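Okay, structure first, notes after.
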Amino acid sequence: MTEGASAFAATAGGSLLALPILVPAAGVLLSFLLGGRQAERIALALMPVQFGFAVAIASLIWRSGQPLVYVLGGYAPPLGIALRADGFSAVMLVTTSLIMPAAGLYARTNFATPNDGTERRAPLVFWTLLQAIQAALSLIFLGGDLFNLYVALELLTFAAAPLVCLDGRPETLAAALRYLMFALFGALFYLLGVALLYGAYGTLDIVLLSRQIRAEPAVWLAAGLMTAGLLAKTALFPLHLWLPPAHANAPAAASAVLSGLVVKGSFFLIVRLWFNVLPALPNAVPGAILAALGSAAILAGSALALRQERLKLLIAYSTVAQIGYLFLMFPLASGPWSAEAFSGGVMQALSHAFAKAAMFLSAGLIAESLGHDRIAGLGGAGRAMPVTFLALGLGGLSLMGLPPSGGFAAKWLLMKASIEAGQWVWAVVMLAGGLLAGGYLYRVLAPALSGNRPRLKSPPRRSRENVALALALAAVLLAFAPPTFFAFLQIGRPAAGAALR
Amino acid sequence: MSSATLAGLVGAALVGLGLYGVIADPQPLRKILAFNLIGSGVFLVFGIVARKGAAAGLSADPVPQAMVITGIVVAFAASALAVALTLRLFEETGRATLRPDAGTKPPDDGADAE
Amino acid sequence: MSDFLLATAGAILFTVAVGLVRILGGPGDADRMMAAQLIGTGGIASLLLIAAATGARGVDDVALGLAILAAFASAAFVNSGAPAEEPDPNPADDR
Amino acid sequence: MSLALDLFSIAAISAGVFFFLAGTVGLLRFPDALSRLHALTKADNLGLGLIVLGLLPRAESLLAALMLVAIWALVQLAGATAAQLIGRAVRRKGPAI
Amino acid sequence: MSVLQALDVGLAFLVFAVAAWTVFAPGPFAATVGYVVYGLLLSLVWIRLFAVDVALTEAAIGSGVTGVLLIGAAARLRGAETTPAEEALTGLTRLFAAGLCLLVAAALAAVVLLLPDQGPTLAPQSMERLPETGLGNPVTAVLIAFRSFDTMLEKVVLVLGVVGVWSLAADRYWGGAPGEARAERPEPTLAFFAQVLAPIGILVGVHVFWVGADEPGGAFQGGAILAAMWMIVMMARLTEAPQASAFWLRLALIAGPAVFLAAGVAGAVVAGGFFAYPPGLAKPLILFIETFMTFTIAVTLPMLVAGPPRREPRR
């Protein structure tokens, strides 16, 4: 058997990989067709199913210790399309399948269909697009073909952009339009890179490409264009301008998904690109550039967050900063510390997903209960709604990187790796970012925990508070991830083994 | 120079032109046009890749051609969504603009959704 | 003969280009719409000539498609080109 | 025979190009939108018509020839309609439109 | 330089000039008309690249349907043409932007020139596996068989496009019809034109779809021509746009991806894998899927152009 063939020997249970994409896609079509309350029912009913798929995929990978592979239609790459799942894909799938139902449960209050079953605009759109985001993210985590991943990126854009302006206020329309423009720009540049890679190697399959890639002009240009496009979609500084208005103005449940998960989709593809497609490229300079941009994002995003007057905008700017941390893994990608750096980056993606979702849901509850989300008017609110602010605070713990939290584990790993690599500067930036995060969270929490209890328009419902709290606890619990978890993350990471041993 | 290479150069020029339009023109509709220019430039690059892959009795590689067809349809849907957003924004505000501060106003009632 | 056909196609494209310079600039939007019309006809003519000269297959269908859609831009122009009409105040009554 | 057909093709196609040229000259020289529209339709009608006529003998099959004629007929229809529509718009709204 | 090369150079120059016009034209409407002209020229370029399937798609979607969308939008945006001064970029920023764009274009051009004349290709593999599909057109085979997963998902993108456009409706209009701002009364010329053109266009659309199995053409191109026919009939006010709540409309909008998806899942049961076709049944199955896809495209594109619902729903 040739080497090419062995990469596509369908692994046992590989057909499972198609389901987390096809099932929510079918849910989208059915929800749109049946409309009304069915959309909500279908969306909520499919979420546990989706969790089941994610856990099944993860356990298959865990048991075999190998990535899962599936070839669609029996047409092996390069002609056809393969799906692949490694450790990173699996944890992202599981994370998505946990945050989605949390957002869904929270959103039931905001996006209910009236009892007479008359279809309303916002609920139908929300529940349909929520499933579309799930399908798109699954495809991004599992896709093994660069053009197929382009379709996934577009799916994600089309699913996410309308959620931003669901309430139809003019400023949300402007935010959605800007988001759409950045996303379209990003997808086009990504596609241009895909065209160049196909022109150079005649395949778009990630594994086949990685075996052939050489450092030549077409590849460098393609890498640059694709990375730039994906950075625009990930909102890395200085391409972050679209994110704060979009994430701050969307309905809270949508913000949680957009900030927690959707930006991680394009980040995931950057990791795929540099770790799986282009490991043959010398990555010191591009890694340093990415990390420099990430550092700038940490400092600028945190500083801007300090100056915000609205809670949701503050949280959105903190996303800009936290995205920066994700990129500190790139200059540490080769060397004996690479496994640590990779684990740290992934841990940051996971813990930020949970923490940020928890914080946006809490902020949504605060805004609904107080009737506003001005930070100046939060005095004493923490005593009126303690559970909500507990969720907000625990999420903040992770952002600051204080133990015990997933954010601490992430930053600890990244810091250790950068010190081992002798690249101290990233460690300094991380410390500064943590202090700044402490500053902007103090601005929110300190007044909220003192002063007189304000009159609430309506107290938050306990079940919704618990959803936010559960997400925040998940972010905390990540701190106790056992070593086997980190071993799992390394499954399928190319060249990682070679660098380690 | 073959016609394929020529088309590729045109594609490169179109990407540059469109990028300039996207950056320099503040009106959303003009930005949408510029996006479509970039898009067609990208498709032309696929086109020369396909043409240079002429083999097996075919005058062009069918795989990139199929990708372009998919891309054209997606680009159209994206244009339609962007146009609809622009028109709605114009109806609401009487102007179509993407000013950076347009999104930072606090909502009057503070409520999130609904 | 095929060189003649190609040269003709080039000549038509050239005249069309000259015409475009004149009417794309206006002064009115109606003039600009004529540009779309002109390139439609000229484009189809040169398409047919190029197809006849190079023997490319299936080009007739492309020309047919272009011919069917030739008046669409003008139709859209007239259809929604009325200067910013108010939406029908009572839309339910107009049918 | 083939030479005669070639000559016929060349003559008809050249005449077609002439009408395209004439149409363009009209576009350049005529003072207002309506008369420019008039010049444009000449190119539509006769230019393409003569070129199709010239290409007819070179068609591979009867079906291909019919296709050519159909294309010409459709362009006629589209051209006439577009001219009407644009002309009306000019008449109704004034030349500024 | 041969005549053909001269023609190519002329065409390239024309395409570039018209593209530059759409970027630098004085007003949005002039730019939009420039773009429509540009789309038409691109069809010629695709013919010169021997990509007839793409030329057909470009002619129908890139130029025709997109033209209607953009010209309609430009006409409605007339009031927004003046740009507030604060939004215009300063000279220095413009210069910087121009430099960046030149850099990108130059790098891209250099890489294009470096591509080998005979590049890597999947043409032989496509031809090798073409017989399994029973098709004669390899582009259609890539779309509906080899990379069918892409095509199915792209149909879902179109559904999301409709959801996104509709989501911009005001709440009170939800479920209503997308009413366009129209001329007060139907243009008799347009009505006549639509009556004559629609039957012919429908024939052509079905023909383009049908020959797509073996010749250039297919579901996208045929569907787009059919879509154009529905659009012209609506523009001539011979028929009204349907209500967004109509069940038949929703069914039509999802039929293509739904049938495709169902066939893909059925492949896992019948043919041993998702999106696999049972041997021998491939061609009829592909035509079955393509029929629904054509129909769905014919319904989806006009709905995307028509915009969000703008009339109160009738129940």
Is it true that some residue in the stretch E:57-69 is modelled with pLDDT of 90 or more and either among the charged types (D, E, K, R) or assigned by TED's automatic domain parsing to the domain that holds E:I297 (or both)? yes
Residue in the stretch D:48-59 that is more than 9 Å from chain C (Cβ to nearest Cβ) and at pLDDT below 85 present: yes
Looking at A:A292, is it farther than 25 Å from A:I491 by Cα, within 14 Å of another protein chain (Cβ to nearest Cβ) and of a type in the set (A, V, I, L, M)? no
Does the stretch A:109-144 hold any residues that are within 23 Å of A:V207 (Cβ to Cβ) and either at pLDDT 95 or above or among the hydrophobic types (A, V, I, L, M, F, W, C) (or both), and which are they? A:A136, A:L137, A:S138, A:L139, A:I140, A:F141, A:L142
Filtering the stretch A:192-203 down to residues that are in contact with a Pro (Cβ under 7 Å, 6 or more places away or on another chain) and open to solvent by less than 10 Å² (accessible area, probe 1.4 Å) yields A:Y198, A:G202, A:T203
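Closer than 26 Å to C:V78 by Cα and either more than 10 Å from chain C (Cβ to nearest Cβ) or open to solvent by less than 20 Å² (accessible area, probe 1.4 Å) (or both): which single residue out of E:L11, E:L69, E:L44 fits that description?
Details: E:L11 fails: closer than 26 Å to C:V78 by Cα; E:L44 fails: closer than 26 Å to C:V78 by Cα.
Only one candidate qualifies: E:L69.
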Taking helices (runs of 4 or more DSSP H) that do not extend beyond the stretch E:91-183, which have at least 3 residues that are free of Cβ contacts under 8 Å to residues at least 60 places away in the same chain? E:91-114, E:123-133, E:148-166
Test of understanding: among A:S255, A:S210, A:S266, which residue is among the polar types (S, T, N, Q), open to solvent by less than 10 Å² (accessible area, probe 1.4 Å) and closer than 30 Å to B:D61 by Cβ? A:S266
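Considering only helices (runs of 4 or more DSSP H) fully contained in the stretch A:401-493, which possess at least 3 residues that are without any contact (Cβ under 8 Å) to a residue 40 or more places away in the chain? Walk me through how you get there before you give the answer.
Numbers: elements: A:406-420, A:424-449, A:462-477, A:483-489.
So the answer is A:424-449, A:483-489.
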Search the stretch E:200-219 for residues being facing chain C (nearest Cβ under 9 Å) and in contact with an Asp or Glu (Cβ under 7 Å, 6 or more places away or on another chain), and hand back the single one that is nearest to D:V69 (Cα to Cα). E:V208
Residue that is surrounded by fewer than 16 Cβ atoms within 10 Å (Cβ to Cβ) and farther than 26 Å from A:E309 by Cα, where the choices are A:G406, A:G451, A:G439, A:G422: A:G422
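Does at least one position in the stretch A:22-41 carry a residue that is acidic (D, E), over 19 Å from A:L124 (Cβ atoms) and at pLDDT below 95?
Kept after step one, since they are acidic (D, E), are these residues of the stretch A:22-41: A:40.
Next, from what is left, pick out any that are over 19 Å from A:L124 (Cβ atoms): none.
Within the stretch A:22-41, none of the residues are acidic (D, E), over 19 Å from A:L124 (Cβ atoms) and at pLDDT below 95.
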Of the conditions (1) within 7 Å of another protein chain (Cβ to nearest Cβ); (2) surrounded by 16 or more Cβ atoms within 10 Å (Cβ to Cβ); (3) of a type outside the set (D, E, K, R), D:A12 fails just one. Which one is it? (1)
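When residues of the stretch A:99-120 are filtered for being open to solvent by 10 Å² or more (accessible area, probe 1.4 Å), of a type outside the set (S, T, N, Q) and in contact with a Gly (Cβ under 8 Å, 6 or more places away or on another chain), how many remain?
Taking the stretch A:99-120 first, the residues open to solvent by 10 Å² or more (accessible area, probe 1.4 Å) are A:101-102, A:105, A:108-110, A:112-120.
Pick out the ones that are also of a type outside the set (S, T, N, Q) and you get A:101-102, A:105, A:108, A:112, A:114, A:116-117, A:119-120.
Filter once more, so that each one left must be in contact with a Gly (Cβ under 8 Å, 6 or more places away or on another chain): A:117, A:119.
Number satisfying all stated conditions: 2.
Is it fair to say A:A432 is open to solvent by less than 30 Å² (accessible area, probe 1.4 Å), among the small types (G, A, S) and modelled with pLDDT of 90 or more?
Working: open to solvent by less than 30 Å² (accessible area, probe 1.4 Å): no; among the small types (G, A, S): yes; modelled with pLDDT of 90 or more: yes.
No: the conditions fail for A:A432.
Restricting attention to the stretch A:271-289, which residues are open to solvent by 10 Å² or more (accessible area, probe 1.4 Å), in contact (Cβ under 8 Å) with a residue 40 or more places away in the chain and not polar (S, T, N, Q)?
At the first step, the residues of the stretch A:271-289 found to be open to solvent by 10 Å² or more (accessible area, probe 1.4 Å) are A:272, A:274-276, A:279-280, A:282-286, A:288-289.
With in contact (Cβ under 8 Å) with a residue 40 or more places away in the chain added as a condition, the list becomes A:272, A:274-276, A:279-280, A:282-284, A:286, A:288.
Correct list: A:R272, A:W274, A:F275, A:P279, A:A280, A:P282, A:A284, A:P286, A:A288.
Restricting the search to the stretch E:21-50, which residues are more than 14 Å from E:G62 (Cα to Cα) and of a type in the set (A, V, I, L, M, F, W, C)? Please lay out each step first, then the result.
Going residue by residue through the stretch E:21-50, those that are more than 14 Å from E:G62 (Cα to Cα) are E:21-31, E:47-50.
The answer is E:W21, E:V23, E:F24, E:A25, E:F29, E:A30, E:A31, E:I47, E:L49, E:F50.
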Would you mind stating whether B:I38 is surrounded by fewer than 24 Cβ atoms within 10 Å (Cβ to Cβ) and part of a helix (DSSP H, G or I)? no
All conditions in (1) at the interface with another protein chain (Cβ under 7 Å from one of its Cβ atoms); (2) surrounded by fewer than 23 Cβ atoms within 10 Å (Cβ to Cβ) are true of E:G176 except (1)
Report, by residue number, each residue of the stretch A:377-420 that is over 23 Å from A:F480 (Cβ atoms) and modelled with pLDDT of 90 or more. A:M385, A:P386, A:T388, A:F389, A:S418, A:I419, A:E420
Looking at the stretch E:133-156 only, could you name the residues that are at the interface with chain A (Cβ under 9 Å from one of its Cβ atoms) and at pLDDT below 90? none
Considering each of A:A159, A:A102, A:A122, A:A132 in turn, give the residue that is more than 23 Å from A:F53 (Cα to Cα) and touching a helix residue (DSSP H, G or I) at 6+ places or on another chain (Cβ under 9 Å). A:A122
Could you check, for the stretch A:386-407, whether at least one of its residues is in contact with a helix residue (DSSP H, G or I) (Cβ under 8 Å, 6 or more places away or on another chain), under 16 Å from A:F354 (Cα atoms) and β-branched (V, I, T)? yes
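The values are calculated or read from the model by the stated rules, or taken from the named source; none is laboratory data. Not measured: the values here are computed from a predicted model. Reconstructed Cβ throughout: ideal geometry from the backbone, glycine too, with neighbour counts over all protein chains shown. All accessible areas refer to the heavy atoms of the entire protein, side chains included, with ligands and DNA or RNA removed. Shrake-Rupley method; radii C 1.70, N 1.55, O 1.52, S 1.80 Å.
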